[in-house]
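Asker: The structure follows.
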Amino acid sequence: MNTKATVIYWTLFVIIAAVGLVFFFSGQDLISVQSKGLWSVNFLQQNYLPAEKELLQIHIIAGKAGRETALVLAENGGFFPLTVSPCGAIGEVNLWNQGERWCFPDIRDSVSFLTKEKLADQLPEVLFSTISYDKTIFYGRGDTGEIKTDTARYFFDRSFAVDIGYSFEEYVDLQSAAQILVTQCRTERDLPSCLEQNLPVTWKYHSCPSPEPIPSNLRTLDFCVLSTGVQPDQFPIQYEIALDFTPLEIFSVAGITAAYDGDTNTYEIRFLPDNEAEEYTIYYTNWKGVQGKSGSIEDIFSDMPAGFGLYQKSITLENTVELNCPVEKEKGKVYLCVEGTLEVVYVLSDQEIVSGETYLTVTSNRDGGESAASGFIPLME
Amino acid sequence: MILFTKKALLDDLVDLLVTVIIGFFLFFFLNGTLTIGVQQSNAQTLSALTEFKRQDAAINNLNLRMQEGTLTDPLIIEALIDRSKSLGGKTITGCADYETAEDCQRDTLGIYIGTTNYCVWDETDKECDTLALGTSS
């Protein structure tokens, strides 16, 4: 072999040996070629995906917190749990009104506060600044999250917006329905009838699953209202609210009658009771001028001339609540009788009463005020 | 004076042939090994991307279920993502992701095998519902 051939010969062996050495030192896969886009793939797998999972988790927890908040608020008439409405409560049911005053809860504030409390428990590492709602979308502004690995840092917004299938704006409809109901029925003496006619179908007295008949002796009532904005089987919202139907002005006394008892020379006065009245006042007079008059007692008797043997007498009666109706009734005592209808009975005895020339009316009193007189009836034998 | 003897010419010819043959095999050897390396690299990347796509699609599926209000437990997210599989390019995370009655009823990917749920096709809404064992639609 000449020199030239020897050089070529050994060069080839050197190349083969070099290739062999490369294969040997480059690892198990002959020549190890790294994955393409290794950093990008690692970024997606180790930064982006964990962030997406965390966001999904935040959304699930926030949605659940939103639904729980809706349930808790509804159970408390929109008020924060364990707080009592400024208008008071019937048992544990918060009143939305009292007299002329309305005490509607601030739903937006309650939702924000209550949800923040729940989220702080379940997601203590995330800070939420604003929590509110728009129709059925429940949303919150969260802080910036960070997923850090050896080769990358990924920042993402931890805010959420979840459709919870329920709108807190339903309270606006409820409040307007409550106002209409109170306006319609507060002035009605027969409250149960008025409510039966005007109560929306989703409103039930006292209980949603087993509603009770509306009692005639109460004017502050608690209602269970079924939500119309959600599917009851998926997300059953039941509002517990109470309304005060106490009339702003005292009802004038109705159904006044007088029956003469010749044996005792007394008059049995009867009239319909008023549960809101603290006491009643019987007025009787021999002034014929009261005939056909009604309204304020003060106004009616302001026209009565002095002298001429005219008198105006009054007797104040306690409003008795318990039924008490003996057959033999004593003079000067008040009874509550049920003889067909519920009536207050009083036996009046006065030697000055002249049949056909004495006129009588009854008023009711509450909180220092007096009702108008509905009219005078003559006392006849 | 250079003499080209017969032996010298023969040696040169042998050298040439040996060089050509070795070069030829070396070319194929190097080409093959380098190609395999690149292909493996491609396969690794594609596999990683496929896995990413599967997980990302599973998260999207779960987002949809969350918005529908049917996913309320954050603790099962990881298990649901791990269990998701691909069917004809579509990632199936739960019954609701099956598009045909056949796939739904058979639970083609066996998503719910070993769990307490099963899939039932709702003919009215044309969708696949998840039911707990022991219950029926």
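The values are calculated or read from the model by the stated rules, or taken from the named source; none is laboratory data. What you see is a predicted model; the values in this text were computed from it and never measured. Here the Cβ is made from the backbone with ideal geometry for all residues, glycine too, and neighbour counts use every protein chain on show.
Asker: Take A:GLU169 and tell me if it is more than 18 Å from the chain's Cα centre (by Cα) and surrounded by 13 or more Cβ atoms within 10 Å (Cβ to Cβ). Spell out the reasoning first.
Answerer: Values: more than 18 Å from the chain's Cα centre (by Cα): no; surrounded by 13 or more Cβ atoms within 10 Å (Cβ to Cβ): yes.
Judged against the criteria, A:GLU169 is not a match.
Residues checked against (1) part of a helix (DSSP H, G or I); (2) at the interface with chain A (Cβ under 7 Å from one of its Cβ atoms); (3) surrounded by 14 or more Cβ atoms within 10 Å (Cβ to Cβ):
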| site | (1), (2), (3) |
| --- | --- |
| B:ASN31 | yes, no, no |
| B:GLY37 | yes, yes, yes |
| B:GLN40 | yes, yes, yes |
| B:PHE52 | yes, yes, yes |
| B:GLN55 | yes, yes, yes |
| B:ILE59 | yes, yes, yes |
| B:ARG65 | yes, no, yes |
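Okay, residues lined up against (1) of a type outside the set (Phe, Trp, Tyr); (2) over 30 Å from A:THR136 (Cβ atoms); (3) under 24 Å from the mean Cα position of the chain (by Cα):
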| site | (1), (2), (3) |
| --- | --- |
| B:LEU9 | yes, yes, no |
| B:LEU16 | yes, yes, no |
| B:LEU46 | yes, yes, yes |
| B:ASN61 | yes, no, yes |
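Asker: Please work out if B:ASP73 is on the phi > 0 side of the Ramachandran plot and among the acidic types (Asp, Glu).
Answerer: no
Asker: Is there a residue being touching a Leu at 6+ places or on another chain (Cβ under 8 Å), at pLDDT below 95 and surrounded by fewer than 14 Cβ atoms within 10 Å (Cβ to Cβ) anywhere in the range A:100-109?
Answerer: Yes - at least one qualifying residue is present in the range A:100-109.
Asker: Can you pull out the residues in the range B:68-115 that are among the polar types (S, T, N, Q) and either surrounded by 18 or more Cβ atoms within 10 Å (Cβ to Cβ) or more than 14 Å from chain A (Cβ to nearest Cβ) (or both)?
Answerer: B:SER84, B:SER86, B:THR91, B:THR93, B:THR100, B:GLN105, B:THR108, B:THR115
Asker: Additional query: A:PHE223: within 14 Å of chain B (Cβ to nearest Cβ) and either surrounded by 16 or more Cβ atoms within 10 Å (Cβ to Cβ) or among the hydrophobic types (A, V, I, L, M, F, W, C) (or both), yes or no? Please lay out each step first, then the result.
Answerer: On the way: within 14 Å of chain B (Cβ to nearest Cβ): no; either surrounded by 16 or more Cβ atoms within 10 Å (Cβ to Cβ) or among the hydrophobic types (A, V, I, L, M, F, W, C) (or both): yes.
For A:PHE223, the condition - within 14 Å of chain B (Cβ to nearest Cβ) and either surrounded by 16 or more Cβ atoms within 10 Å (Cβ to Cβ) or among the hydrophobic types (A, V, I, L, M, F, W, C) (or both) - is not met.
Asker: Can you say whether A:ASP109 is within 27 Å of the chain's Cα centre (by Cα), closer than 15 Å to A:GLU68 by Cα and of a type in the set (Asp, Glu), as far as the supplied structure shows?
Answerer: Judged against the criteria, A:ASP109 is not a match.
Asker: Does B:LYS7 satisfy being more than 20 Å from A:GLU54 (Cβ to Cβ), of a type in the set (D, E, K, R) and more than 12 Å from every other protein chain (Cβ to nearest Cβ)?
Answerer: No; evaluated as a whole, the condition is false for this residue.
Asker: Just name the residue that is nearest to the chain's Cα centre (by Cα) out of those in the range A:123-155 that are surrounded by 19 or more Cβ atoms within 10 Å (Cβ to Cβ) and among the small types (Gly, Ala, Ser).
Answerer: Checking each candidate, the answer is A:GLY140.
Asker: Restricting to the range A:159-194, name every residue that is within 16 Å of A:ILE137 (Cα to Cα) and touching a strand residue (DSSP E or B) at 6+ places or on another chain (Cβ under 9 Å).
Answerer: Within the range A:159-194, A:SER159, A:PHE160, A:ALA161, A:VAL162, A:ASP163, A:ILE164, A:TYR166, A:SER167, A:PHE168, A:GLU169, A:GLU170, A:TYR171 qualify.
Asker: In the set B:THR91, B:THR100, which member is at negative phi, at pLDDT 90 or above and touching a Ser or Thr at 6+ places or on another chain (Cβ under 8 Å)?
Answerer: Exactly one residue qualifies, and that residue is B:THR91.
Asker: Further, regarding this structure: Kindly establish whether B:GLU102 is more than 18 Å from B:ASN61 (Cβ to Cβ), touching a strand residue (DSSP E or B) at 6+ places or on another chain (Cβ under 9 Å) and of a type in the set (D, E, K, R).
Answerer: Answer is yes for this residue.
Asker: Related question: Does the range A:340-348 contain any residue that is surrounded by fewer than 11 Cβ atoms within 10 Å (Cβ to Cβ), within 16 Å of A:THR257 (Cβ to Cβ) and outside the structural domain of A:ASN217 (by TED's automatic domain parsing)?
Answerer: Scanning the range A:340-348 turns up at least one residue that is surrounded by fewer than 11 Cβ atoms within 10 Å (Cβ to Cβ), within 16 Å of A:THR257 (Cβ to Cβ) and outside the structural domain of A:ASN217 (by TED's automatic domain parsing).
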